């Protein structure tokens with residue numbers, strides 16, 4: 001069986017399995033729609049502090065070179081946006097630079113003299129509206145959509161401060177991974193779990209990568225498509241190679257507040273379709289959780305979650 005990869009709306013990579021299902025089912029909770037104005041299809045506009053109209057920093061006597069060093073390679077699958085803000089006062093936007101096809105771990109740019117706040121966004125599915133990002137504080141309005149992200153070419157962001165002409169940036173993906181490692185069947189009489197399927201419920205639909213506190217609580221959620229396994233689950237534990245992708249969800253165990261993300265297993269047991277769910281621990285950005293599933297009854301399962309460090 002050949003590998004199949006979900007498109008941007010599925011956000012699920014399968015190894016050795018063929019995926020299926022329908023588009024995510026969205027549930028909407030009222031939220032700030034004006035945030036969507038930040039990412040538009042408008043052409044890129046450059047805003048530069050203290051520069052005459054049409055003047056370039058390269059020709060300004062007050063310009064200098066800034067060396068940017070990235071913790072990893074610059075992604076080559078999409079554009080790299082750099083937003084350069086003055087670090088003084090309201091931190092106005094001075095430049096919006098957009099690079100196509102850049103590679104390597106270093107980049108040199110020309111800016112006005114002085115320390116700068118530098119925001120980097122790689123692989124954005126839409127062009128940024130510079131006019132709506134005229135101050136550093138406005139980056140908290142940037143929203144990215146789970147449905148438009150893609151684990152093969154993920155949206156990545158970073159923020160850093162230049163000092164003495166140097167700046168270090170660590171581009172990180174917005175996605176977190178749920179790796180299904182094994183499924184065990186402990187039902188009596190070795191009853192088969194037929195046509196098993198996996199999916200995530202209450203996936204955070206949008207996040208702001210530059211939230212002030214680093215937490216991500218969903219205002220809108222959706223369910224991912226169901227992913228069928230290629231075989232039934234019998235007496236012996238089955239090693240599974242499936243990765244489900246989610247956006248961060250900081251929701252804890254409180255009774256009140258946003259819903260947590262769930263893992264769902266659906267299967268046919270003795271002729272009837274049964275579903276079982278398990279809450280996933282709070283998900284951090286770019287986190288990877290491994291999980292071992294143990295089916296204990298026709299309607300319940302135990303999940304052993306553990307954090308995986310992937311570099």
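One table, with the values for the structure above:
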{"read-out": "Zone residues, segment 143-171, relative to residue 213, backbone N less than 13 Å from point 7 Å out along Cα-to-Cβ", "value": "none"}
{"read-out": "Cα gyration tensor, segment 81-200 - rounded (a/c under 1.5), prolate or oblate", "value": "prolate"}
{"read-out": "Stokes-Einstein translational diffusion, segment 148-238 - Kirkwood Rh over all Cα pairs, 0.692 mPa s, 37 °C, in µm²/s", "value": "191"}
{"read-out": "Label-point separation, residue 63 to residue 105 (7 Å along Cα→Cβ), nm", "value": "2.8"}
{"read-out": "Projected label distance in nm at residue 87 and residue 134, using a 7 Å step from Cα toward the beta-carbon", "value": "2.5"}
{"read-out": "nm² value of the averaged projected area, convex hull over the Cα atoms of segment 110-172", "value": "5.2"}
{"read-out": "Protection proxy ranking of 148-155, 264-271 - average other beta-carbon atoms within 10 Å, highest first", "value": "148-155, 264-271"}
{"read-out": "Cut-off 14 Å, label 7 Å out along Cα→Cβ of residue 148, residues of segment 64-79 by amide N", "value": "79"}
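Any read-out appearing in this document is the output of simple, stated calculations on the displayed coordinates, not a laboratory observation. Remember, it's a predicted structure, so these values are computed and weren't measured experimentally. Note: ideal-geometry Cβ built from the backbone for every residue, glycine included; neighbour counts use all protein chains shown.
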